[in-house]
Amino acid sequence: MSPLHTALLQSSGRPGDVAHNLRVLADAARTAAATGARLLACPELFLTGYAIGGDVHRLAEPADGDSARAVGRIAAEHGLAVLYGYPERDPEAAGTVYNSAQLIGPDGTALANYRKTHLFGCFEREWFTPGERTVVQAELDGIRIGLLICYDVEFPENVRAHALAGTDLLLVPTAQMHPFQIVPEQVIPVRAFENQLYVAYVNRVGAEGEFEFVGLSCLAGPDGVVRTRAGRSEQLVQAAVDPAFLKEARENNPYLHDRRPELYTDLV
């Protein structure tokens with residue numbers, strides 16, 4: 001299999017303006033596709049903004065809503081998959097909104113939709129309902145892709161569950177804020193190394209409401225080495241997910257093989 005060229009869009013867009021953010025996404029998709037990317041990942045709640053309070057419910061959409069169709073057209077036009085964060089309205093449960101991320105394939109069809117399971121802080125707990133499914137996956141160009149959102153990746157159990165389920169590339173749209181830059185700087189490379197997978201962590205950046213997002217989006221490999229990292233401004237960065245290197249790394253690192261699950265029953 002060929003490497004999967006992956007682009008990370010570090011941007012906060014314009015909070016509350018879905019149409020503008022779709023245009024930002026379209027421009028990034030055009031640029032990424034022109035340089036050979038097959039996957040573009042955007043941050044947590046990219047379509048609407050993060051610190052939007054009561055507008056969460058006003059701007060929430062079902063997984064197959066207008067914005068999903070718009071992203072599908074962008075993906076199909078440029079021939080690359082797109083991951084984006086958005087508030088998902090549950091059409092079967094009035095008033096229920098999830099902090100979700102959806103992966104759209106290069107043909108414009110939905111591949112996977114994930115609902116954040118671990119909500120962070122009073123803000124998220126006020127406006128969102130936690131999801132109940134940890135491992136959500138899809139296939140792209142022979143690579144098994146898994147989805148988590150922000151705080152989820154800080155729980156080692158979540159990432160290990162993906163490793164045991166065969167995830168090759170874990171996509172983590174995030175809204176990581178000051179003073180928690182230790183996560184992109186140190187936690188993400190360690191998660192990739194200890195679980196023998198690639199982790200793409202794509203953050204918001206700059207001030208938004210009461211929050212200051214730290215940027216530092218990165219893609220880390222199974223050797224714990226960061227392949228690309230953004231700074232503290234809006235950027236589009238790229239790196240390759242190499243299945244041949246992943247296979248070699250898994251053969252050389254025995255963490256998953258040497259596990260003794262019978263000793264870990266206290267965890268559950």
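Just a few scattered comments:
- In segment 97-192, the DSSP beta bridges split such that about 75 percent are antiparallel, to the nearest 5.
- Rg and Dmax over the alpha-carbon atoms of the chain stand at 17.3, 52 Å.
- For the chain, built as a Gaussian network whose Cα springs stay under 10 Å, the top-fluctuating residue of Ala249, Ala32, Ala230: Ala249
- Projecting label points 7 angstrom from Cα along Cα→Cβ for Asp258 and Thr35 puts them 3.8 nm apart.
- In this simple spin-label approximation, Val268 and Cys122 carry label points 7 Å from Cα along the Cα→Cβ vector, and these lie 3.5 nm apart.
- In this structure Lys247 has an accessible area near 130 Å², from a 1.4 Å probe over the protein heavy atoms.
- Taking all protein chains as they are arranged and a probe of 1.4 Å, the heavy atoms of Thr134 leave approximately 50 Å² accessible to solvent.
- In the chain, the portion of solvent-accessible area held by carbon and sulfur atoms comes to 52 percent [1.4 Å probe, whole percent, DNA, RNA and ligands not counted].
- Net charge dipole size for segment 1-76 [Lys, Arg +1 and Asp, Glu -1 on Cβ; Debye, nearest 20]: 260
- Potential extension, Phe180-Val225 segment - 0.36 nm per residue separation minus Cα distance: 14.2 nm
- Within the full protein context, the accessible area of His118 is estimated at about 50 Å² for a probe radius of 1.4 Å.
- Remark: the chain carries a charge dipole of roughly 420 debye about the Cα centre, counting +1 on each Lys and Arg Cβ and -1 on each Asp and Glu Cβ.
- Summarising the strand pairing of the chain, around 70 percent of its internal DSSP beta bridges are antiparallel.
- Net charge dipole size for segment 192-239 [Lys, Arg +1 and Asp, Glu -1 on Cβ; Debye, nearest 20]: 200
- Report summary: the helix-based calculation at 222 nm, which adds -39500 (n - 2.57) for every DSSP H run with n ≥ 4 and divides by the residues of the chain, gives -7500 deg cm²/dmol.
- Choice from Leu119, Leu171, Leu148 with maximal GNM fluctuation in the chain (Cα, 10 Å cutoff): Leu119
The values are calculated or read from the model by the stated rules, or taken from the named source; none is laboratory data. In this text the structure is predicted, and so the values were computed from the model without any measurement. Positions of Cβ are generated from backbone atoms using ideal geometry, with glycine treated the same way; all protein chains shown enter the neighbour counts. Just the protein is used for accessible areas: all its heavy atoms, side chains included, with ligands, DNA and RNA removed. Shrake-Rupley method; radii C 1.70, N 1.55, O 1.52, S 1.80 Å.
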